[in-house]
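In what follows, a structure is listed as structure tokens, so that the remarks can point back to it.
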Amino acid sequence: MKLDLNLLKRELSINHPSKKEWPMLSFIINECYKIGGLDFEMDGYCNIFITKNTSNPDYFPCVVAHVD
């Protein structure tokens, strides 16, 4: 997978201090719409859960990160 430096620069330029994460959450959700095969949802605490469809039920990768 090739690193998309433009995407990284856009992401790193988003101001999102603690308790004001909406710009970053919005960015992440908009990017999810652009990637095929993703399912995502946000809970009441503004946690975004993103899953990628996989054909192997024994392999389900998980990545966890803070946005603030």
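The values are calculated or read from the model by the stated rules, or taken from the named source; none is laboratory data. Note that the coordinates shown come from a computational prediction; the quantities given were computed from them, not determined experimentally. Counting neighbours? That spans all protein chains shown, and the Cβs are built from the backbone with ideal geometry, glycine included.
Sub-6 Å Cβ pairs linking a first residue in the stretch 26-49 that is farther than 21 Å from residue 16 by Cα to a second residue that is of a type in the set (A, V, I, L, M) and in a strand (DSSP E or B), at least 6 apart or interchain, are 38/50, ordered by first then second residue.
Of all the residues in the stretch 12-40, those that are farther than 15 Å from residue 65 by Cβ, surrounded by 10 or more Cβ atoms within 10 Å (Cβ to Cβ) and not small (Gly, Ala, Ser) number 6.
Out of curiosity, is residue 9 within 14 Å of residue 68 (Cβ to Cβ) and either in a helix (DSSP H, G or I) or not polar (S, T, N, Q) (or both)? Against the criterion (within 14 Å of residue 68 (Cβ to Cβ) and either in a helix (DSSP H, G or I) or not polar (S, T, N, Q) (or both)), residue 9 does not qualify. Which ones in the stretch 12-37 are assigned to a helix (DSSP H, G or I) and among the aliphatic types (A, V, I, L, M)? Correct list: 12, 24, 25, 28, 29.
When residue 49 is tested against (1) modelled with pLDDT under 85; (2) in contact with a strand residue (DSSP E or B) (Cβ under 7 Å, 6 or more places away or on another chain), just one condition goes unmet, and that condition is (1).
Contact annotation: residue pairs with Cβ atoms under 8 Å, 6 or more positions apart or on different chains, pairing a residue in the stretch 53-66 that is over 30 Å from residue 18 (Cα atoms) with a partner that is among the hydrophobic types (A, V, I, L, M, F, W, C) and exposed (fewer than 10 other Cβ atoms within 10 Å of the Cβ), are 54/60. Within the stretch 1-21, residues that are under 18 Å from residue 32 (Cβ atoms) have Cβ atoms under 7 Å from residues that are modelled with pLDDT under 85 and not β-branched (Val, Ile, Thr) in these pairs: 16/68; 21/68, counting only partners at least 6 apart in sequence or on another chain.
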